[in-house]
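Just below is one structure, and these are the notes that go with it.
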Amino acid sequence: MNPRRHLLLLRCPFDQASLRLAHFRGKEPERISTAVVQCADCKREYPIEHGVLRLLEPSAVRDAMSAREQELWEKGAGEYDSRVTHGRQTLNAMEIPPTLRALGDVKDKVVLELGCGTGRLSTLIASACREYVAVDFSINELAILSKKLKPDARVSLVQADVTQPISAPRSFDLILSSQVVQALPTRDHRMGMFRWAAEALTDAGRFVFTTYHHGLRNRLFGIAQSARYTHEGIYRYYSTMDEIKREVVPYFDSVQVRPIQVVVPGAERLGIPPVVLSRVAELIPGLNQLGILLLVEARRPVRPPKEGSPSMAVEDGITLLRRRFEGVRDKHRIASQR
Ligand SMILES: C[S@@+](CC[C@H](N)C(=O)[O-])C[C@H]1O[C@@H](n2cnc3c(N)ncnc32)[C@H](O)[C@@H]1O
């Protein structure tokens, strides 16, 4: 686990500088399960323990709200597979195939998963990819996923906050995130993740994610957009189609949003298999507003201009010349006043 070459895909969460193995004597192994990684600039150190690179240490997540969520996800980690991965077969069958179809062919692709959890999707695709980096802030969930992976898998598990970039720019072909956006506590957190995704993707790269939909059912039953689950207290947010699109378009030129996992009331009574009906209903405008999830496909990443880009260099040159000119003029002025 943690193939050493994956360090080239990652960056220090503090200053975005590159990472390298620290205190290593002799030939570095291709796979690392215990080591210390150091930032080339700020020299902060991060441990690799049981094959998981812990980029949340020595810092914490970005704010108190996220820290609270992290704590709740850590507590619930042990129940996730029985409750969701194995406990929701029909809903999973309505959700996972359309998500994987949207992701497309992963062969030969360098893939990043944001919020992998216990690997409900990671385990289905990681072995088919060229390289797979899976990020989550819950160390307990990563530990569960780690046990499901083959020892020689080309997979790295990283403990980090998905709203703060920790990857090298333009280094991933595909980014996947299933049911994580809904768990982020504010619009700022969600947009932080979208911005990171745009920076991490190659120009031809794609970002595919799912998140809860504030659809027809919620409106009919008056279900709140923003709330906490009564059982674990975890935060969850339901987005409308327009809202999620507005949050993604600053970072991607092409954004498509569609409802999936359409649960049609009374389907069983009609004798139609619910998974088949969901697939058909996804295609019917109006009826698809009953979809529980939104599937988002974003292409053509837009990155903010970088310091030192050509136009800024010209501007800097002009400013420098103007300052020099003003300096010479002031010197002459002072000399002539003497
Ligand atoms: C609903 S689970 C989805 C897990 C997995 N993607 C799946 O589809 O089964 C949400 C996941 O997001 C993770 N998560 C929530 N907020 C996060 C954050 N700010 N940074 C990293 N992971 C986060 C949680 O730990 C949890 O594993």
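The values are calculated or read from the model by the stated rules, or taken from the named source; none is laboratory data. Keep in mind that what you see is a predicted model, and the values were worked out from it rather than measured. Note that we place each Cβ from the backbone using ideal geometry, even for glycine, and neighbour counts take in every protein chain shown.
Checking each residue in the stretch 254-282 for being buried (at least 17 other Cβ atoms within 10 Å of the Cβ) and assigned to a strand (DSSP E or B) picks out VAL255, VAL257, ARG258, PRO259, ILE260, GLN261, VAL262. Of the helices (runs of 4 or more DSSP H) contained entirely in the stretch 88-194, those carrying at least 1 residues that are away from the ligand (no atom under 12 Å from the Cβ) and surrounded by 24 or more Cβ atoms within 10 Å (Cβ to Cβ) fall at 89-103.
Quick grid of which residues meet (1) modelled with pLDDT of 95 or more; (2) loosely packed, with under 13 Cβ neighbours inside 10 Å; (3) closer than 20 Å to GLU113 by Cα:
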| site | (1), (2), (3) |
| --- | --- |
| ARG4 | no, no, yes |
| PHE14 | no, no, no |
| GLY26 | no, yes, no |
| HIS50 | no, no, yes |
| SER59 | no, no, no |
| ARG62 | no, no, yes |
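Have a look at LEU174, LEU201, LEU124 and point out the one that is at pLDDT 95 or above, under 30 Å from ASN288 (Cβ atoms) and touching an Asp or Glu at 6+ places or on another chain (Cβ under 8 Å). One residue alone meets the criteria, LEU201. Residue-level check: of (1) touching a residue at least 24 places away in the same chain (Cβ under 8 Å); (2) of a type in the set (Val, Ile, Thr); (3) surrounded by fewer than 18 Cβ atoms within 10 Å (Cβ to Cβ), VAL36 misses just (1). Determine if the stretch 224-232 includes at least one residue that is assigned to a helix (DSSP H, G or I) and either in contact (Cβ under 8 Å) with a residue 60 or more places away in the chain or within 16 Å of the ligand (Cβ to nearest atom) (or both). No.
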